[in-house]
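Below is one structure, written out as structure tokens; the observations come after it.
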Amino acid sequence: GAVVSQHPSWVICKSGTSVKIECRSLDFQATTMFWYRQFPKQSLMLMATSNEGSKATYEQGVEKDKFLINHASLTLSTLTVTSAHPEDSSFYICSARGPSSGGSYNEQFFGPGTRLTVL
Amino acid sequence: TQLLEQSPQFLSIQEGENLTVYCNSSSVFSSLQWYRQEPGEGPVLLVTVVTGGEVKKLKRLTFQFGDARKDSSLHITAAQPGDTGLYLCAHDTGTASKLTFGTGTRLQVTL
């Protein structure tokens, strides 16, 4: 299957600082990437859809000015958590879907996730 | 929002036991997907069911899509510790291929 990587795998930061998380499709081009957040022992919640070369589409209730998404190339999307606070601590997961991924039924390939802890 | 309710929320069983996980909704879906997520990792797709009444098998895992395409089940035979994880059903909203995940079932299989 297609491989999606995330960096870093975990990060600890101080309250008020910004953190950038990278999501890369390693062996295919992804026109669309998705960012999810997962709190402990809960399911995944979609935050936003990242489209290469255009603005991201955010889900209801997700602050676009706080969670900045950039999809500058067909293999890289970044999520920047600005002015992070302890309540932003969570597991952030990206996924990628592209025309050459080989999947069917809109299969998405997920990254391994990034655990963010804000002190 | 088309809500996918999974039951049970948590299941702890011993190796060798059988179990069934359910995914229910009041909405009709063109397809449903099942994922397994291990701690500290992203979800991995197990199967996609498309046709009402469809049954798919993946080794000891049997997936069924309801006749009305509103629900699905996952049955595991002779569970093993390696089956431990969070099982998630999901459906494609059809809008920009967005996935909506179910509430999840956390399975723990002990020796």
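With the full set of protein chains in place, find how many percent of the accessible area of the protein assembly as shown is carbon and sulfur; take the probe as 1.4 Å. Heavy-atom surface of the protein assembly as shown belonging to carbon and sulfur, 1.4 Å probe: 50 percent. Here is the interface size for A with B: some 1600 Å² of accessible area buried, both sides summed, with a 1.4 Å probe. For the range A:1-20, heavy-atom accessible area (probe 1.4 Å) falls by less than 40 Å² from the chain alone to the full protein assembly at every residue. Computed over the Cα atoms of the range B:9-111, pair by distinct pair, the Kirkwood hydrodynamic radius stands at 13.9 angstrom. Its relative contact order, with pairs defined as Cα atoms under 8 Å and 6+ residues apart, puts the range B:23-96 at 36 percent.
Computed over the range B:32-75, the Cα gyration tensor eigenvalues convert (square root of 5λ each) into semi-axes of 21, 11, 7 Å, ordered from largest to smallest. The calculated FRET efficiency for the pair B:Phe10 and A:Ser73, based on their C-beta separation and a Förster distance of 41 Å, comes to about 0.50.
GNM on chain A, alpha-carbon springs under 10 angstrom: the most fluctuating residue among A:Ile93, A:Ile12, A:Ile21 is A:Ile12. Loop-located chymotrypsin sites (Phe, Trp or Tyr not before Pro) across the range A:19-114 with a Cβ neighbour count of 15 or fewer within 10 Å are A:Tyr105, with loop assigned by DSSP. Label positions at B:Ser97 and B:Ser30, each projected 7 Å from the Cα along the C-beta direction, are separated by 1.3 nm. Counting charges near A:Ala30 (Lys, Arg +1; Asp, Glu -1) among other residues having Cβ under 15 Å from its Cβ returns a value of -1.
Across the range B:60-110, the convex hull enclosing all Cα atoms gives 87 Å³ per residue. log10 I(q)/I(0), Debye, Cα-only the range A:16-63, no solvent, q = 0.16, 0.19, 0.26 Å⁻¹? With one equal scatterer per Cα and no solvent, log10 I(q)/I(0) is -0.58, -0.80, -1.15. The lysines whose alpha-carbon is closer than 22 Å to the alpha-carbon of B:Lys70, local same-chain residues fewer than 8 away aside, are B:Lys56, B:Lys57, B:Lys98.
Considering only alpha-carbon pairs that sit under 8 angstrom and 6 or more positions apart, the relative contact order computed for chain A is 38 percent. Probing with 1.4 Å while keeping every protein chain in the model, the per residue accessible area of the protein assembly as shown equals 48 Å².
Per residue of B:39-49, other chain Cβ atoms within 10 Å of the residue Cβ number 5 on average. Note on the protein assembly as shown: the alpha carbon radius of gyration divided by the globular reference 2.2 N^0.38 Å gives 1.02.
Taking the Cα centre of chain A as origin and assigning +1 to Lys and Arg Cβ atoms and -1 to Asp and Glu Cβ atoms, the resulting dipole is close to 180 debye. Among the cysteines of the protein assembly as shown, those whose beta-carbon sits 4.7 Å or more from every other cysteine beta-carbon are A:Cys13. Placing +1 on each Lys and Arg Cβ and -1 on each Asp and Glu Cβ, with no other charges, gives the protein assembly as shown a dipole about its Cα centre of roughly 160 debye. Taking every Cα-Cα distance in chain A and sorting them into 10 Å bins starting at zero, the pair-distance distribution P(r) comes out as 15, 48, 31, 6, 0 percent.
The values are calculated or read from the model by the stated rules, or taken from the named source; none is laboratory data. Everything numeric in this text was worked out from a predicted model, so none of it was measured. Positions of Cβ are backbone-derived with ideal geometry, glycine not excepted, and every protein chain shown enters the neighbour counts. SASA here: full protein model, heavy atoms, side chains in, ligands and nucleic acids out. Shrake-Rupley method; radii C 1.70, N 1.55, O 1.52, S 1.80 Å.
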